[in-house]
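Novice: Sharing a structure, written as structure tokens. Questions coming.
Values quoted throughout were computed directly from the atomic coordinates according to the rules given, and no laboratory measurement underlies them. Remember, it's a predicted structure, so these values are computed and weren't measured experimentally. Positions of Cβ are generated from backbone atoms using ideal geometry, with glycine treated the same way; all protein chains shown enter the neighbour counts.
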Amino acid sequence: MEKAGRTVLPLVISLVLIFFGFLIAQAGYSMIHREWHSIGSALAACAVAWILAGPVMFVAGWWVLGSWGRREIPLWLGGAAAIIAGTVLVAGVLTHVIPCSGPS
């Protein structure tokens with residue numbers, strides 16, 4: 001029974017990586033594509049980081065799903081990409097590079 005639990009958790013994590021990898025890549029691409037002329041270089045750097053981290057998460061999630069959770073390398077890669085994307089988000093919000101509210 002314990003072996004089944006060890007196989008299910010990586011598969012659930014892979015689905016989360018696929019979903020959030022797509023969302024992060026889409027957010028970065030959307031920011032670059034739609035608002036390229038009106039964003040600063042710091043916000044563009046955040047978007048580029050998301051454009052790079054999102055597909056890594058997405059591919060790592062499919063890799064884990066394809067190997068049925070038997071490989072650890074894609075979990076490490078997807079986790080590292082998620083940490084990078086989250087760190088860029090937190091750093092961008094704390095330094096007021098990423099706008100969190102509309103005009104007041």
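Novice: Quick one: Val48 ticks every box in (1) closer than 15 Å to Ile98 by Cβ; (2) buried (at least 19 other Cβ atoms within 10 Å of the Cβ) except a single one, so which number is it?
Specialist: Only one criterion in (1) closer than 15 Å to Ile98 by Cβ; (2) buried (at least 19 other Cβ atoms within 10 Å of the Cβ) is unmet by Val48, namely (2).
Novice: Further question on the same structure: Here is a check on your reading of the model: is Gly61 closer than 18 Å to Val12 by Cβ, among the small types (Gly, Ala, Ser) and in a helix (DSSP H, G or I)?
Specialist: Working: closer than 18 Å to Val12 by Cβ: yes; among the small types (Gly, Ala, Ser): yes; in a helix (DSSP H, G or I): yes.
Yes: the conditions hold for Gly61.
Novice: Out of the residues in the stretch 56-104 that are polar (S, T, N, Q) and within 27 Å of Ser38 (Cα to Cα), state the one that is farthest from the chain's Cα centre (by Cα). First the steps, then the outcome.
Specialist: As a first pass, look at the stretch 56-104 and keep what is polar (S, T, N, Q): 67, 87, 95, 101, 104.
Imposing the further condition that a residue be within 27 Å of Ser38 (Cα to Cα) reduces the set to 87, 95, 101, 104.
Numbers: Thr87: 10, Thr95: 20, Ser101: 22, Ser104: 30 Å.
The residue in question is Ser104.
Novice: Within the stretch 68-91, can one find any residue that is surrounded by fewer than 15 Cβ atoms within 10 Å (Cβ to Cβ) and farther than 22 Å from Ile13 by Cβ?
Specialist: For the stretch 68-91, residues surrounded by fewer than 15 Cβ atoms within 10 Å (Cβ to Cβ) and farther than 22 Å from Ile13 by Cβ: present.
Novice: OK, next. Name the single residue that is nearest to the chain's Cα centre (by Cα) among those in the stretch 13-45 being among the β-branched types (Val, Ile, Thr) and surrounded by 15 or more Cβ atoms within 10 Å (Cβ to Cβ). Spell out the reasoning first.
Specialist: Here is the first cut: in the stretch 13-45, the ones among the β-branched types (Val, Ile, Thr) are 13, 16, 18, 24, 32, 39.
Filter again for surrounded by 15 or more Cβ atoms within 10 Å (Cβ to Cβ), leaving 13, 18, 24, 32, 39.
Numbers: Ile13: 13, Ile18: 9, Ile24: 5, Ile32: 16, Ile39: 21 Å.
Filtering the stretch 13-45 for residues that are among the β-branched types (Val, Ile, Thr) and surrounded by 15 or more Cβ atoms within 10 Å (Cβ to Cβ), the one nearest to the chain's Cα centre (by Cα) comes out as Ile24.
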